[in-house]
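In what follows, a structure is listed as structure tokens, so that the remarks can point back to it.
The values are calculated or read from the model by the stated rules, or taken from the named source; none is laboratory data. As the structure is a prediction and not an experimental result, all values here were calculated from the model. Neighbour counts run over all protein chains shown; Cβ positions are idealised from the backbone, glycine included. Quick note on the areas: whole protein, heavy atoms, side chains included, nothing else; ligands and nucleic acids left out. Shrake-Rupley method; radii C 1.70, N 1.55, O 1.52, S 1.80 Å.
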Amino acid sequence: MPLLQGRPQKSEPEFRFHYCGFLLAHSAVAQEGQSYVNVWLILCLFPRTCVSNPSKPNFLLILADDLGIGDMGCYGNDTIRTPNIDGLAKDGVRLTQHIAAAAVCTPSRAAFLTGRYPIRSGMASSTQRQVLFWNGGSGGLPPNETTFARILYQRGYSTALVGKWHMGVNCKTRHDHCHHPLNHGFDYFYGMPFTLVNECQGTDDPELAKSLQETYWFYTQMIILAVFTLVIGKLANLFPVKWKIIICLAICSLLHFISWFSSYGFTKYWNCILMRNHDITEQPMNLQKTTSNMLKEAITFIERNKHGPFLLFVSLLHVHTPLITTEEFQGRSRHGLYGDNVEEMDWMVGRLLDVIDKEDLKNTTFIYFASDHGGFLEAHRGNSQLGGWNGIYKGGKGMGGWEGGIRVPGIFRWPGVLPAGTVIDEPTSLMDIYPTVVELAGGAVPQDRVLDGHSLLPLLRGTEQHSRHEFLFHYCGVFLHAVRWHHKDSGTIWKAHYATPVFQPEASGACFQRGICPCFGDGVAHHDPPLLFSLSQDPSEAHPLSADTEPLFDTVTRRMRRAVEEHRRTLTPVPQQLSPHNNMWKPWLQPCCGMFPFCGCQEENSKA
């Protein structure tokens, strides 16, 4: 039986009825009994006139993958065309200091769904593998974490996730689904339990532990060469070696090859799959149909639940490598395949907005658009850049401290509630979506754990002018790399870096030789005293301050160090979901369509 721990009971949707002014006036002067008759008579004859929209809004949350903050027109890009996202910003609120809790996918998404730093849930890594590597691993979002989807489901919402998950599937058996979206408050799931990687397409260099695979292959070749040398030497009577030793060495060589190639050599079959709820629909997935299938599933969910309330989390596969782009959009942009992929993503957003308008849901739907972290600077194919542009901000994906890795777009729209055309330059976090959505749905956040997000409603509505965040802590895995301090009295935003990645080449602004920057080890430089920047004056983090150039240097760094100590006292030990054991491929946990290891199936998406 699937392990659905804590599967909540779904309550009936709540509706609030408001009577028309003339009806209340009439009932006030009429006889009590007669007034009740008139009230219900008019309600029955004119229901649309006297009954308001549901008291709880619908939610459409759209999260892009690896999108740079500088890739859209509303954030300063004048060459990539993003009219639909730009229109969303024009009709709503745009944040300019929207910060991800991590600079890579798995921990950032865990923080988004739980409103907590990923280190609190065990979704931050202490190894070089910063994200989940396998569908067949045992790590993932713990069942005891409460997502906002679970709370909304309990409030009577229909909840769905369409797109990327990347937070685990199973714990102990192939079918326990302990980390699956359906065990975290979503009552419908269609998408990838993993993430897009180059192996899904098979035309580029491997993306999963490329250097490790090359090492394994080198050792395999060396062992094979040694076996052949011994065989030839034995046959030519050059070496007095027993056949038993040669056979044992050959068997060891075969076992070594099988041990790593059975996982990395079949990544396309193990990781590149599509699921509908608990069922695998495509293994491996048909990349040519993925975009249309995802869009159809999202649109169908909206149409099916238009009477609401609903929560739809569209977790886009765009714009992660290998940049799967349909023929209609290939060659359309001025920025190669990456630009094409961004423009196709914008078109998808437009289609979702169209169905919201068509179903007359515009004024009752809270829409949010963001990216899980910054653009991937090291992604390339030959001389072609395949990653995003992070604008004026230093760094990118994988860099937990620099702004380019964590500052992301943040756009909200809710006509009639949120003021259109508003720009907010205050520190906010993806973790803030949790309490914001829960509050709007009439729910309550958990009181038995530390939450790091704050409701954005006062800021978005304009009833408050300043962010509720005083400090934000910027992690790379479990390692604290930087801290941001929003000094409320002066309005200055300070940022201290305690560790930064070593760029390769030095002035390149990225870790091109490694493929992605590490969180610790010889690829990281430590700073004591820390590198201090005033983001208010130097958002590009180009000019570090010192005690000689900044009179408040000692005061600021001392206060930030005290904040770090206070923050660390709130952390409690939890199981590490990205430990080497949990992040290892386990055949008995591998989702499989058919009989393992002969997994494979294809489903025509006719239902959508």
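Could you check, for the stretch 302-309, whether at least one of its residues is open to solvent by less than 10 Å² (accessible area, probe 1.4 Å), at negative phi and in a helix (DSSP H, G or I)?
Yes.
Within the stretch 382-393, can one find any residue that is open to solvent by less than 10 Å² (accessible area, probe 1.4 Å), within 19 Å of residue 509 (Cβ to Cβ), part of a helix (DSSP H, G or I) and in contact with a helix residue (DSSP H, G or I) (Cβ under 9 Å, 6 or more places away or on another chain)?
no
Kindly establish whether residue 133 is out of contact with any strand residue (DSSP E or B) (no Cβ under 7 Å at 6 or more places or on another chain), among the aromatic types (Phe, Trp, Tyr) and over 26 Å from residue 304 (Cα atoms). Give the steps one after another, and end with the answer.
Working: out of contact with any strand residue (DSSP E or B) (no Cβ under 7 Å at 6 or more places or on another chain): yes; among the aromatic types (Phe, Trp, Tyr): yes; over 26 Å from residue 304 (Cα atoms): yes.
The answer is yes for residue 133.
Only one of (1) open to solvent by 30 Å² or more (accessible area, probe 1.4 Å); (2) within 30 Å of residue 418 (Cβ to Cβ); (3) over 24 Å from the mean Cα position of the chain (by Cα) is not met by residue 494, so which one is it?
(1)
Which condition from (1) in a loop (DSSP other than H, G, I, E, B); (2) buried (at least 17 other Cβ atoms within 10 Å of the Cβ) is the one that residue 532 breaks?
(1)
Give 525, 507, 563 a once-over and let me know the one that is open to solvent by 10 Å² or more (accessible area, probe 1.4 Å) and not in a strand (DSSP E or B).
Numbers: 525 fails: not in a strand (DSSP E or B); 563 fails: open to solvent by 10 Å² or more (accessible area, probe 1.4 Å).
Within the list 525, 507, 563, the selection yields 507.
Yes or no: residue 336 open to solvent by 30 Å² or more (accessible area, probe 1.4 Å) and at positive phi?
Values: open to solvent by 30 Å² or more (accessible area, probe 1.4 Å): yes; at positive phi: yes.
Yes.
(1) of a type in the set (Gly, Ala, Ser); (2) buried (at least 21 other Cβ atoms within 10 Å of the Cβ); (3) not in a helix (DSSP H, G or I): which one isn't true of residue 331, the others all being true?
(2) is the only condition that residue 331 fails.
For residue 453, are the conditions met, namely being open to solvent by less than 20 Å² (accessible area, probe 1.4 Å), in a loop (DSSP other than H, G, I, E, B) and touching an Asp or Glu at 6+ places or on another chain (Cβ under 6 Å)? Steps first, please.
On the way: open to solvent by less than 20 Å² (accessible area, probe 1.4 Å): yes; in a loop (DSSP other than H, G, I, E, B): yes; touching an Asp or Glu at 6+ places or on another chain (Cβ under 6 Å): yes.
The answer is yes for residue 453.
Hey, among the residues in the stretch 353-381 that are part of a helix (DSSP H, G or I) and open to solvent by less than 20 Å² (accessible area, probe 1.4 Å), which one's nearest to residue 539 (Cα to Cα)? Steps first, please.
We begin by selecting, within the stretch 353-381, every residue part of a helix (DSSP H, G or I); these are 353-358, 362-364.
Pick out the ones that are also open to solvent by less than 20 Å² (accessible area, probe 1.4 Å) and you get 353, 355-356.
Working: 353: 33, 355: 38, 356: 36 Å.
Top of the filtered list is 353.
Checking the structure you have, find out if any residue of the stretch 539-560 is in contact (Cβ under 8 Å) with a residue 24 or more places away in the chain, open to solvent by 90 Å² or more (accessible area, probe 1.4 Å) and not small (Gly, Ala, Ser).
Within the stretch 539-560 (the criterion being in contact (Cβ under 8 Å) with a residue 24 or more places away in the chain, open to solvent by 90 Å² or more (accessible area, probe 1.4 Å) and not small (Gly, Ala, Ser)), the answer is no, since none of the residues qualifies.
Inside the stretch 80-199, counting only strands (runs of 3 or more DSSP E) that do not spill past its ends, which hold 1 or more residues that are crowded, with 23+ Cβ neighbours inside 10 Å, free of Cβ contacts under 8 Å to residues at least 60 places away in the same chain and hydroxyl-bearing (Ser, Thr, Tyr)?
Fully inside the stretch 80-199 and qualifying: nothing.
Kindly indicate whether residue 439 is more than 26 Å from residue 131 (Cβ to Cβ), modelled with pLDDT of 95 or more, charged (D, E, K, R) and not in a loop (DSSP other than H, G, I, E, B).
Numbers: more than 26 Å from residue 131 (Cβ to Cβ): yes; modelled with pLDDT of 95 or more: yes; charged (D, E, K, R): yes; not in a loop (DSSP other than H, G, I, E, B): yes.
Judged against the criteria, residue 439 is a match.
Taking the residues in the stretch 559-608 that are among the aliphatic types (A, V, I, L, M) and modelled with pLDDT under 90 as candidates, determine which candidate is nearest to residue 496 (Cα to Cα). Please lay out each step first, then the result.
Pass one, the stretch 559-608, residues among the aliphatic types (A, V, I, L, M): 560, 563-564, 571, 574, 578, 584, 589, 595, 608.
Add one more test, that the residue is modelled with pLDDT under 90, and what stays is 595, 608.
Values: 595: 53, 608: 49 Å.
The selected residue is 608.
To keep it simple, each residue is scored yes or no on (1) out of contact with any helix residue (DSSP H, G or I) (no Cβ under 9 Å at 6 or more places or on another chain); (2) open to solvent by less than 10 Å² (accessible area, probe 1.4 Å).
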{"position": "398", "(1), (2)": "no, yes"}
{"position": "402", "(1), (2)": "yes, no"}
{"position": "414", "(1), (2)": "no, no"}
{"position": "427", "(1), (2)": "yes, yes"}
{"position": "431", "(1), (2)": "no, yes"}
{"position": "435", "(1), (2)": "no, no"}
{"position": "439", "(1), (2)": "no, no"}
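Kindly list, by first and then second residue, each pair from a residue in the stretch 396-422 that is in a helix (DSSP H, G or I) to a residue that is open to solvent by 20 Å² or more (accessible area, probe 1.4 Å), limited to pairs with Cβ atoms under 8 Å and residues at least 6 apart or on different chains.
Hits for this filter: 403/393; 403/394; 403/539; 403/540; 404/377; 404/391; 404/393; 404/394.
Give the residue that is farthest from the chain's Cα centre (by Cα), with candidates limited to residues of the stretch 456-486 that are of a type in the set (Lys, Arg) and open to solvent by 20 Å² or more (accessible area, probe 1.4 Å).
Residues of the stretch 456-486 that are of a type in the set (Lys, Arg), as a first pass: 461, 468, 484.
Checking which are open to solvent by 20 Å² or more (accessible area, probe 1.4 Å) leaves us with 461, 468.
Numbers: 461: 26, 468: 23 Å.
Residue satisfying both the conditions and the ranking: 461.
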